1. Hey, what's the Cα Rg ratio for segment B:76-188 versus the globular rule of thumb, 2.2 N^0.38 Å?
2. Would you please name the trypsin sites (Lys or Arg not before Pro) within segment B:1-35 that are DSSP coil residues with at most 11 other C-beta atoms within 10 Å of their C-beta?
3. Positive end of the dipole of the protein assembly as shown, charges at C-beta (+1 Lys, Arg; -1 Asp, Glu), about the Cα centre: which of B:TYR194, B:THR10, A:LEU137 has its Cα farthest in that direction?
4. Take B:PHE153, B:PHE27 and order them by how many other Cβ atoms sit within 10 Å, fewest up front.
5. Let me check against my output: what whole-number percent is the relative contact order of segment B:131-284, with C-alpha pairs under 8 Å and at least 6 apart?
6. If the viscosity is 0.890 mPa s and the temperature 25 °C, what Stokes-Einstein diffusion coefficient in µm²/s follows for segment B:1-99 when Rh is the Kirkwood radius over Cα pairs?
7. Per the Kirkwood formula on distinct C-alpha pairs, the Rh of segment B:248-302 is how many angstrom?
8. Sort out for me the Cα centre separation of segment B:234-302 from segment B:8-22, rounded to whole Å.
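Only the coordinates and a few stated rules stand behind these numbers; no lab work does. These numbers come from a predicted model, not from an experiment. Backbone-built Cβ (ideal geometry, glycine too); neighbour counts: all protein chains shown.
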Amino acid sequence: MLHKKDNKLEVSAIENGTVIDHIPAKALFKVISILSLDKIDKQITFGTNLDSKKLGKKAIIKLSDTFFIDKEINKIALVAPQAKLNIIRNYSVVEKKVVEVPDEIIGIAKCMNPKCITNNERITTRFSVVSKREVRLKCHYCEKITDQEHIEIV
Amino acid sequence: MKNKSLVSITDYTKDEYLRILSLADEFEKKPDPSLLRDKVVATLFFEPSTRTRLSFESAVLKLGGRVIGFSDSSSSSVTKGETLYDTIKIVSNYCDLIVMRHPLEGTARFASELTNIPVINAGDGANQHPTQTLLDLYSILKTQGTLDNLTIFMVGDLKYGRTVHSLLMAMSQFKTTFHFVSPDELKMPDEYKYYLNCLGLKYTEQKDLTANIAGADIIYMTRVQKERFSDPIEYERTKNAYILKNKMLEGTKENMRVLHPLPRVNEIDLDVDANPKAYYFTQALNGVFVRQAIIASILGLK
């Protein structure tokens, strides 16, 4: 699916669906896991370690016949805050979206504090977002901060 | 405040602190031995503690209430593998109020969401211990006559000490000036200094315990623990620099008082104990009045 054009690798176009671009390369598999892309049966193409001026190495995901509601897609803002979405209909981009970090994160991330009750008993995690640009999450339970570098997906 | 759990010092407003403190004063002046008649308070101590548990139990008993519970998780069903979830669900059937201490952080918040019965956090790991903060406020108020515009020296382990962090959060609402006295390795974390900057409050940082001490209204001592140091030589070098000795108190204000959350190891020399400025034992007694006030207001009896 990868074609060479002007010395650049490009992923082939899709007819209908969603393209998620500007994912930091190292966050690709976290995005896949957050959106449960390993469990859908639609055609998916992804490329990673592509050169990007903004991110150094970026990844891109193209999903045929798949669309997301904002609430669902905003979950990836935790690991890919600069991600951009292109909604494709009939081979053209009909809408562009950016992701937005929600004010509260429930049940996606893991608290980085090993002594937090959420890492010791079955509890749905809950965080308030104290900083959005460089994502910083404050655990509702132990009140400790989990920063972007340490965000792990449940 | 009826039915309002006390998990974190920031759960209560400044007005609520003041209400608790005036109620504590009422209990100190006029004991009420029948207020908690027919009330059962469960003290669930998943981790041992002397002062906190005994002062809570004493507070309940002096108000005529009854206490059930355990002082160590080895004498509870936790040893059989029961989850905290189940323990709280069950205990809620037996009491009107839960007081709990647990070595894991966030347990009191979790417990307060599992039950309709109010929960008082008596310490969750290194996180919060709000009743300690309220008794510190009470001790400051009693010795200074006010909480406003005071100068507080915080000494020792300012990096990990949860009591100094909570006290800072609470006192920052009363235009306090802070002096942070600690070795480099145990300095006040940036997030708290940032918080004070946002409020426009003054603070200084210093390594020398005696510098500017004449301006202090309160010296709040904490323990410098060996295991906090990454470099054992650094510990040896600094350990004696943060021991308060009676001689150092010369020239301090007449009504300056020395506070310590206790237990003390060696950071306050025994020769300070006889000085009228040593207040830490009375501070521990104040814990009983303050806990009476907290319990009575949460149960809606005052």
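1. Values: Rg = 17.5 Å, N = 113, 2.2 N^0.38 = 13.3 Å.
Normalised Cα radius of gyration, segment B:76-188: 1.32.
2. Working: sites: B:LYS2, B:LYS4, B:LYS14, B:ARG19, B:LYS29; in loops: B:LYS2, B:LYS4.
Filter output for segment B:1-35: B:LYS2.
3. A:LEU137
4. Values: B:PHE153 26, B:PHE27 21.
Lowest to highest Cβ neighbour count: B:PHE27, B:PHE153.
5. Values: 241 pairs, mean separation 38.1, N = 154.
Dividing the mean separation by the residue count of segment B:131-284 yields 25 percent.
6. On the way: Rh = 15.1 Å.
Answer from the Stokes-Einstein relation: 162 µm²/s.
7. Its Kirkwood hydrodynamic radius stands at 13.2 Å.
8. A separation of 21 Å, based on Cα centres.
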